[in-house]
1. In the stretch A:175-192, what count of residues is obtained for those that are under 21 Å from B:Ile26 (Cβ atoms) and either of a type in the set (S, T, N, Q) or in a helix (DSSP H, G or I) (or both)?
2. Taking A:Met86 and the conditions (1) of a type in the set (A, V, I, L, M); (2) within 15 Å of A:Leu4 (Cα to Cα); (3) under 13 Å from the mean Cα position of the chain (by Cα), which numbered condition does it fall short on, given that it satisfies the others?
3. How many residues are closer than 13 Å to A:Thr273 by Cα, surrounded by 23 or more Cβ atoms within 10 Å (Cβ to Cβ) and either out of contact with any helix residue (DSSP H, G or I) (no Cβ under 8 Å at 6 or more places or on another chain) or not charged (D, E, K, R) (or both) when one looks only at the stretch A:114-148?
4. Take the residues of the stretch B:153-184 that are charged (D, E, K, R) and under 24 Å from B:Glu81 (Cα atoms): which is surrounded by the fewest Cβ atoms within 10 Å (Cβ to Cβ)?
5. Looking for whichever is on the phi < 0 side of the Ramachandran plot and within 14 Å of chain B (Cβ to nearest Cβ) here; the options are A:Ala211, A:Ala258. Which one fits?
6. Only residues in the stretch A:588-599 that are outside the structural domain of A:Ala393 (by TED's automatic domain parsing) and over 20 Å from A:Phe558 (Cα atoms) count as the first member; pair them with residues that are surrounded by fewer than 21 Cβ atoms within 10 Å (Cβ to Cβ) and of a type in the set (S, T, N, Q), Cβ under 6 angstrom, at least 6 apart or cross-chain, and list the lot.
7. For A:Val265, work out the one condition from (1) surrounded by 19 or more Cβ atoms within 10 Å (Cβ to Cβ); (2) in the same structural domain as A:Ser119 (by TED's automatic domain parsing) it doesn't fulfil.
8. Search the stretch A:336-387 for residues being hydrophobic (A, V, I, L, M, F, W, C) and more than 30 Å from B:Val124 (Cβ to Cβ), and hand back the single one that is nearest to the other protein chains (Cβ to nearest Cβ).
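The values are calculated or read from the model by the stated rules, or taken from the named source; none is laboratory data. Nothing here was measured: the structure is a model prediction, and the numbers come from that model. Neighbour counts are summed over all protein chains in view; Cβ atoms, including those assigned to glycine, are modelled from backbone coordinates with ideal geometry.
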Amino acid sequence: MSILAIDQPGRSVLMMGNEAIARGAIEAGVDFSTAYPGTPSSEIMESLARVAEHFGFYAEWSTNEMVALEAAAAASLSGLRAIVAMKQNGVNVCSDFLLTVNLSGTKGGLVFVVGDDPSAISSSNEQDSRNFARFADLPLLEPATFQEAKDMTRWAFELSERVGLPCMIRSVTRLSHSRGNVKLAEIPQRSRSARFEGSYIAGVFVPIKHAELHQKLEQAREEFEGSEFNWYVGREGARFVIVTSGSGWLYSREAVAALGLDEEVGILKIGTTWPLPERFIVDHLRQATEVLIVEEVDPFLEQNIKILLAEQAKTLGPIEVYGARSGHLPAFGDINQDKVARALADIRGLEYRARDEQYAKRAGELALTYVPPRLPTFCPGCPHRASLWAIKAALKLDGRDGFVAGDIGCYSLGVGPAGFWQLKTLHCMGAGIGLANGFGQLGQFAFDQPVVAVCGDSTFFHAAIPGLINARFNNSNVLMVVLDNGGTAMTGFQPHPGSGTDALGRPAPVVEIEAICKAIGVEVRVRDPFEVDRAIEELYDMLQDGGAKVMVFRRKCFLVESREKAKPRVFVDPEKCIGDECGCARFCSRVFNCPGIIWDQEAKRAKIDEVVCTGCGVCATLCPQGAIVVEEG
Amino acid sequence: MALEKDPLNLIITGVGGQGNVLASHIVASAGIREGLYVTVGETYGTSQRGGAVMSHVRFSFQAQCSPLIPEGQADIVVGLEPMEALRVITAFGNPKTKIIVSPRPIYPIGVLSGQAKYPPVEEVLGKLADLVDTVQVVKTTEDGDTPLAANVLMMGALAGSGLVPIPIGSFEEAMREILSPRDLETNLRAFRKGVEAIRTG
């Protein structure tokens with residue numbers, strides 16, 4: 001049974017931040033849920049989908065974040081409780097609707113969860129989505145613990161219903177993808193019935209609606225003044241106060257303890273960060289003369305607090321504010337206890353040393369000079385390695401200095417050695433084909449480099465179709481290569497419109513990529529990238545005349561494939577491999593870069609590491625001596 | 001109840017694909033069964049694809065900890081791969097740290113392509129021993145084990161070592177709840193093998 005379905009109020013369980021958010025929705029009696037996968041937010045929908053049938057609510061993986069938000073809003077407008085989840089980049093995709101649904105307002109609780117990724121651990125940017133709450137005038141909550149992730153989500157539905165606006169929750173990677181204690185509460189029995197009444201129109205009497213929106217936000221502020229998600233710890237009337245939100249709370253508490261400053265430094269933890277609970281904050285800063293703001297990425301809280309302090313200057317007197325603007329904490333990357341402790345020590349004139357100086361020096365030298373870097377790479381058996389090899393070979397054969405415009409997915413690793421450094425641009429979902437449209441129109445400026453746009457299957461449905469239509473319409477010289485591995489692999493293989501299953505694992509209609517391409521009117525071929533020679537030949541062929549074309553490289557993600565079938569045994573025939581005498585420059589281990597192939601230093605021959613190898617056998621087709629043998633398992 | 005040191009900080013490290021997340025999930029769930037606050041910080045996403053991964057697991061009877069262990073504050077490190085254990089020690093180790101490590105190397109692609117060197121494993125283990133209190137080596141791939149269960153075998157070694165205040169029974173209970181019935185038996189076997197391995201040294 002899923003941990004989400006445990007009906008034992010009061011029991012403490014281990015939950016991932018994302019599971020806690022999903023459980024909060026269930027404890028609020030959620031009726032409708034949508035999401036597009038994206039690290040660090042994906043497990044919210046994965047968790048919800050697992051128990052959707054059990055609790056009788058609706059769950060879908062939407063084609064992109066725009067549709068996800070709109071569909072969830074429709075449920076809200078029909079009186080239901082709905083949740084939508086996405087990563088930070090997804091907010092950009094759905095922002096057009098977000099900045100109009102705020103004006104039309106909503107009815108049933110609509111909770112909009114964003115998983116931000118400070119340090120861009122698995123992202124192409126580290127934007128701070130809290131700015132969207134201020135931009136769109138929407139109430140914003142920032143959970144600091146696993147317990148709060150659950151409790152805030154449950155409460156957000158109620159708040160949304162009371163103010164008639166979507167309520168935004170901002171999680172971050174270090175909460176969404178960490179696990180901790182969560183005490184369960186009751187799961188309500190809901191009788192659900194949806195009905196649409198009245199009208200929700202953003203585009204008429206906009207200034208009046210905008211003024212109403214500000215009033216609703218004031219109503220949210222009033223609720224925030226007494227919120228249980230805001231608290232103060234430390235001595236009453238402390239002169240030095242840390243003001244923090246989200247992940248900053250635990251780091252701040254530990255940093256204060258590590259420096260032994262519990263008696264002198266108070267911590268004001270704000271869970272409701274837009275609009276700010278102004279009276280609550282002012283009340284706790286009456287004696288303060290110095291404030292350190294601790295938060296992740298932008299100085300969002302810092303700027304809003306500074307505005308408040310300026311407005312309250314007569315009441316509060318001068319207060320020195322430290323944070324990102326003063327340079328004590330970074331406005332980029334993630335934070336941790338060490339960073340907060342160093343900032344605190346610096347301001348207070350103390351010394352913070354994490355460990356013995358000599359030891360740290362020795363360890364640091366070892367890290368730099370002895371420990372080899374371990375960059376992420378394609379899994380053994382990954383079809384992308386073969387696809388990018390074929391693209392590289394075809395472009396080389398072509399000889400006109402062609403290049404690849406990249407897109408978002410596992411294959412983004414093609415910016416580095418895993419994919420032979422093939423991707424030369426990398427931005428956001430759909431940007432590969434979009435950029436290629438422009439490159440493909442530069443012929444009149446003596447531009448003669450062929451352009452290949454790569455994109456994954458899920459990305460194709462999400463954001464690439466308008467770009468392809470544009471290429472056809474304006475006759476751009478673009479070769480689009482769809483790397484179709486059957487699912488949204490990067491984020492955990494969630495289904496998409498081409499997968500044949502829905503979020504609950506039930507059969508679903510298949511939307512065919514090649515049928516869409518044909519309907520657009522471009523030439524489309526479908527090939528297996530593991531037939532490497534043929535793949536190279538046909539890509540080369542397609543590069544030779546102009547216009548928009550699509551090659552679909554279709555082969556299932558090997559992580560999934562290997563769960564479904566027995567693993568063949570792959571080994572090097574020591575009689576046939578002639579080592580460095582071959583002239584292949586150790587192609588299989590050194591050039592093809594598969595971690596399943598190692599070099600046996602003693603035998604001076606290639607060797608398959610059977611623990612790592614997944615048995616895909618593509619190396620066997622590439623070895624010039626035919627020395628690699630595949631034995632079906 | 002009290003811990004000798006609170007919080008107790010454990011790092012499980014390895015290479016993406018070795019099953020770090022399941023290992024940390026098991027030990028953390030077992031900890032919660034013992035009434036502890038447990039926090040697990042994970043690395044996911046791109047680093048999952050053959051990159052260096054680590055899970056920070058923090059136990060406390062006092063309060064919920066932050067998900068990241070501060071520099072030099074690891075009490076115990078479980079290494080599913082020797083070089084990754086060393087990488088973790090350079091950032092989080094101290095002279096009191098205790099290590100349980102599998103000696104089986106997995107070569108980074110930079111090493112395979114000849115740009116970086118992977119020194120002999122014995123030497124890597126020596127460097128570890130120089131920096132920490134104890135290093136216990138546990139073999140994970142003898143006599144045709146399913147290599148995928150190495151993560152669980154190492155959790156058995158951790159449970160058997162007595163370094164975390166969690167009885168072996170709690171680990172097994174946690175596994176029964178987390179794992180699918182299909183995978184349970186194989187994993188319990190690997191776990192018990194790990195318990196055995198650390199006890200016989």
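1. 3
2. It fails just one condition, (2).
3. 9
4. B:Asp183
5. The conditions single out A:Ala258.
6. A:Arg590/B:Ser113
7. Status for A:Val265: all satisfied but (2).
8. It comes out as A:Ala341.
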